[in-house]
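No value in this document is a laboratory result; all are computed from the given coordinates. The structure displayed is predicted, hence computed values, not measured ones. All Cβ positions, even for glycine, are placed from backbone atoms using ideal geometry, and neighbour counts span all protein chains on display.
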Amino acid sequence: MPRYGKAAGKSVKSAMTRRKHGTLKSGKGGKGGRVKSRSQAIAIGLSEARKKGAKVPRKKSS
């Protein structure tokens with residue numbers, strides 16, 4: 001059984017594209033700086049997917 005749903009993959013793909021074009025911002029409401037790291041872009045994509053209700057595993061609590 002797949003861990004992530006199709007919608008989650010789409011959301012991450014869109015975040016990666018926005019990172020590539022330089023339009024992906026970090027922080028609440030995109031008030032932070034431009035995202036340069038690949039792993040941060042993936043995390044933002046998964047977070048957005050989670051908010052939309054896509055099949056994404058729960059965040060690990062530290």
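The simple spin-label model puts a point 7 Å past each Cα toward its Cβ; for Arg38 and Ser62 those points are separated by 2.4 nm.
Taking every C-alpha pair closer than 8 Å and separated by at least 6 residues, the mean separation divided by the residue count of the chain gives a relative contact order of 43 percent.
Under the rule of -39500 (n - 2.57) per DSSP H run of 4 or more residues, summed and divided by the residues of the chain, what mean residue ellipticity at 222 nm is obtained, to the nearest 500 deg cm²/dmol?
Values: 2 runs with 31 residues, N = 62.
Calculated from helices alone, the mean residue ellipticity at 222 nm is -16500 deg cm²/dmol.
The angle between the Cα long axis of helix 38-52 and the longest principal axis of the Cα atoms of the chain comes to about 60 degrees, rounded to the nearest 10.
Over all directions, the projected convex hull of the C-alpha atoms in the chain averages 4.7 nm² in area.
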